[in-house]
Amino acid sequence: MPAPAPLKTALAPHEGRLLQPAEVAVVAAGNARLRGVQCADCGLKVFPVNDVCPSCLSTHLNELLLGEVGKLYSYTTVHVAPPGWETPYVIGYVDMPEGVRLFGKVQAANVDDLRVDMAVTVKVVAADDRYRYYFAPRP
Amino acid sequence: MKPNLRSVSVIGTGIVPFGKYRELSVPQLARPAVIEALREANVEQKQIEAIYSGAAISGWMAGQRVARETGMSGVPVINCENACSSSATAFREAWVAVATGISEYTLVIGVEQLTRLGGGTLPLDQEDIDVANGMVMPGLYAMRAQRYMHDYGATASDLAAVAVKARRHGALNPHAQYRKETTEEEVLASRRIADPLTLLQCCPTGDGAAALVICPTEIAERHNAAHVRVLGSHLASGRYTTGFRDMTIPEITVRCAGELYAETGVGPEDIDVLECHDAFSIAELLYYEALGLCGRGEAVKLLRDGATSLGGRIPVNPSGGLLSKGHPVGASGAAQMVEIVRQLQGRCGARQVPDAKIGLTHVTGGGTHGFDHGACAIHLFGR
């Protein structure tokens with residue numbers, strides 16, 4: 001395969017889903033976490049926060065505060081993307097110990113540092129008054 | 001099949017060579033396939049009682065627009081959008097109508113003009129959380145490939161070998177978009193799309209159309225002595241999961257195939273030829289296992305042994321598949337059916353599977369958050 005261009009290591013302003021305020025919990029200054037819900041009736045865990053359980057339609061939903069570390073289930077470097085996305089960039093699925101799978105960009109200086117099943121940190125970063133998230137290998 | 005349903009047969013098939021037809025309108029693209037299917041069926045336009053049309057991105061009312069240009073306006077037209085399974089869904093709904101006695105002569109159309117998008121990856125819905133976070137269809141399949149390689153030791157060369165087989169078959173198909181053979185080296189050296197997938201491991205952007213005429217088997221004989229029976233039709237939607245999922249097991253295909261096999265009593269060991277949804281190289285390997293052609297982790301061996309090549313035990317994608325024949329998404333299901341019907345009729349020339357009696361078509365697709373895929377349609381045909 002031809003050698004790839006260098007990876008981008010920061011989220012561009014338009015990249016990554018802008019999280020709704022309810023989807024983020026600021027647990028301490030500079031420490032924001034992702035929020036999901038767990039249905040009090042059927043137990044389903046959902047990210048992001050939802051106002052109705054998509055399975056049993058219950059509105060009795062408890063907060064599911066996600067931790068900072070998950071496991072990289074799989075990943076790829078994307079070289080061809082729709083307009084607005086600067087390539088190449090890395091995406092991946094991350095399995096959280098709380099029982100949900102997240103999807104998003106993975107920021108790595110070198111894709112060769114990534115491994116299936118490695119531990120990664122969930123970074124929830126402020127973007128103006130809102131938040132986005134991405135994943136980074138554990139230092 | 002449920003005992004109260006009528007047996008249904010395909011009496012006419014039509015297809016256009018897949019390629020890039022920016023200069024044509026959608027009805028102009030579909031018209032030759034429709035006319036060919038009507039003529040082969042020995043049916044006049046006025047006998048067609050309903051039209052089921054599958055298209056995903058080719059604009060509103062594709063079915064009516066084609067009917068307008070082919071002398072069949074006025075009949076009920078049902079337009080089906082189900083991503084890559086659009087025209088297979090249209091075929092299924094037409095089959096339901098004929099099998100339940102609502103309709104006799106029924107036309108199925110699959111048409112898509114991807115060149116109107118201008119190339120690149122398919123435009124996914126921006127409200128989808130995964131899309132907003134950078135998902136593209138090749139990326140989704142690439143992550144399946146990455147995990148499959150990790151779990152089962154498959155290599156980049158193994159993936160490339162799928163594309164080599166597809167091109168080898170496509171070279172024998174006058175309707176294929178790509179008709180040139182390739183090598184593993186060439187596949188691996190082609191442009192990176194989403195690692196480990198390179199350009200020649202991704203279905204091309206292209207346009208195409210296919211059509212079929214179906215009717216009750218009891219009256220099929222008088223139209224086409226070589227009619228082919230629909231042995232079974234099954235449609236599934238993805239099962240929403242918020243938690244962990246094994247991406248190497250395409251659950252929607254496993255479930256859809258299992259239910260169809262149970263309904264029909266036909267098993268994978270009975271199938272002589274099949275067309276599966278090889279939108280990307282890894283997909284074909286995963287579907288060998290999901291459709292029951294081999295066990296878990298055995299797909300590479302099945303491919304490398306030549307079992308799924310022409311001349312092998314169970315040839316897969318003799319048409320060249322989506323990788324070589326092309327994948328105008330809404331047209332693909334109908335195009336697969338045209339190939340399998342013609343295989344069962346012994347009409348496929350250099351790519352003919354000898355004495356094929358039972359064939360299967362499998363399309364899935366639709367990338368959306370929380371699903372393996374959005375839709376999957378599997379059909380069994382026999383003569």
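Quick note: the coordinates plus some simple rules give every number you see, no bench work behind them. All values reported here derive from a predicted model rather than from experimental measurement. Here the Cβ positions follow ideal geometry from the backbone for every residue, glycine too, while neighbour counts run over all protein chains shown.
I'd like the projected area of segment A:22-87, averaged over all directions, using the convex hull of its alpha carbons. Report it in nm² with one decimal. Write out the running numbers ahead of the final one.
Numbers: hull surface 28.0 nm².
With the hull built on Cα positions only, its mean projection is 7.0 nm².
For segment A:56-139, taking Cα atoms only, what is the radius of gyration to one decimal and the Dmax to the nearest whole Å?
14.6, 44
Which ³J(HN,Hα) values in Hz, rounded to whole numbers, follow from the phi angles of segment B:355-369 under the Karplus curve 6.51 cos²θ - 1.76 cosθ + 1.60, where θ = phi - 60° and Gly and Pro get x?
Couplings: 6, 5, 10, 10, x, 10, 10, 9, 10, 9, x, x, x, 8, 3 Hz.
If the convex hull of the alpha-carbon atoms of segment B:273-316 is projected onto planes in all directions, what is the mean projected area in square nanometres?
On the way: hull surface 10.8 nm².
The directionally averaged projection comes out at 2.7 nm².
Within segment B:49-91, list the chymotrypsin sites (Phe, Trp or Tyr not before Pro) lying in a DSSP loop whose Cβ has at most 12 other Cβ atoms in a 10 Å radius.
Working: sites: B:Tyr52, B:Trp60, B:Phe91; in loops: B:Trp60.
Passing sites in segment B:49-91 are B:Trp60.
In Å, what Rg and Dmax follow from the Cα atoms of segment B:212-265?
For segment B:212-265, the Cα-based Rg and Dmax read 17.1, 54 Å.
Please list the equivalent ellipsoid semi-axes of segment B:276-383, computed as the square roots of five times the alpha-carbon gyration tensor eigenvalues, in descending order and whole angstrom.
22, 18, 12
Check the straight Cα-Cα distances from A:Lys105 and name the lysines below 21 Å, setting aside those fewer than 8 residues away within the same chain.
Result set, ordered by chain and number: A:Lys8, A:Lys71, A:Lys123.
Give the whole-number value, in cubic angstrom per residue, of the convex hull volume spanned by the C-alpha atoms of the protein assembly as shown. Don't skip to the answer; put the middle values down first.
Details: hull volume 77.2 nm³, N = 522.
Measuring per residue, one finds 148 Å³ for the Cα hull of the protein assembly as shown.
Which value in Å does the Kirkwood hydrodynamic radius of chain B take, with 1/r averaged over all unlike C-alpha pairs and then inverted?
For chain B, the Kirkwood estimate is 20.3 Å.
Please rank B:Leu107, B:Leu231, fewest neighbouring Cβ atoms within 10 Å first, as an exposure proxy. Could the numbers behind the result be given before it?
Values: B:Leu107 33, B:Leu231 22.
Sorted ascending by nearby Cβ count, the order is B:Leu231, B:Leu107.
Please compute the Cα-Cα pair-distance distribution of segment B:59-144 with 10 Å bins starting at 0, giving whole percents from short to long.
Binned Cα distances yield the sequence 14, 35, 28, 18, 5.
Rounded to the nearest 5, what % of DSSP beta bridges with both residues in the protein assembly as shown are antiparallel?
Numbers: 72 of 87 bridges.
The antiparallel proportion sits near 85 percent.
May I ask you to list the GluC sites (Glu not before Pro) in segment B:184-252 that are in a DSSP loop and have at most 15 other Cβ atoms within 10 Å of their Cβ?
Within segment B:184-252, the qualifying GluC sites (Glu not before Pro) (loop, at most 15 other Cβ atoms within 10 Å) are B:Glu221.
To make sure I understand, if each residue's beta carbon is the centre and we count other beta carbons within 10 Å, what order do B:Arg342, B:Arg383 fall in, fewest to most?
Details: B:Arg342 24, B:Arg383 18.
Fewest-to-most Cβ neighbours within 10 Å comes out as B:Arg383, B:Arg342.
Among B:Val187, B:Val213, A:Val116, which comes first, second and so on when ranked by fewest other beta-carbon atoms within 10 Å? Before the final figure, lay out each step's value.
Working: B:Val187 25, B:Val213 29, A:Val116 16.
Exposure proxy ranking, most exposed first: A:Val116, B:Val187, B:Val213.
Give me D for segment B:136-194 in µm² s⁻¹, whole number, from Stokes-Einstein with Rh from the Kirkwood sum over alpha-carbon pairs, 20 °C and 1.002 mPa s. Show your work: numbers first, answer last.
Working: Rh = 12.5 Å.
Once the numbers are plugged in, D ends up at 171 µm²/s.
Normalise the Debye intensity by I(0) for segment B:175-288, one equal point scatterer per Cα, no solvent, then take log10 at q = 0.11, 0.13, 0.16, 0.17 Å⁻¹ and round to two decimals.
Calculated log10 I(q)/I(0) at the listed q: -0.60, -0.81, -1.09, -1.15.
P(r) for segment B:224-345, please, calculated from all Cα pair distances in 10 Å bins and given in %.
Histogramming segment B:224-345 at 10 Å steps yields 12, 42, 38, 8, 1, 0 percent.
For B:Lys325, give me every one of the lysines with a C-alpha distance below 16 angstrom, ignoring sequence neighbours fewer than eight places off in its own chain.
Within reach: B:Lys20, B:Lys165, B:Lys180.
With angles folded into 0 to 90 degrees, how steeply does helix B:137-152 sit against the dominant principal axis of chain B? Use alpha carbons for both and round to 10.
In chain B, helix B:137-152 runs at an angle near 60 degrees to the longest axis.
By residue number, which cysteines of chain B lack any other Cys whose Cβ falls under 4.7 Å from their Cβ?
B:Cys80, B:Cys84, B:Cys202, B:Cys203, B:Cys215, B:Cys276, B:Cys294, B:Cys348
Can you compute 3J(HN,Hα) from phi for each residue in segment B:170-185, using the Karplus curve 6.51 cos²θ - 1.76 cosθ + 1.60 with θ = phi - 60°, rounded to whole Hz and x for Gly and Pro?
x, 4, 9, 10, x, 8, 6, 5, 10, 10, 10, 6, 9, 10, 4, 4
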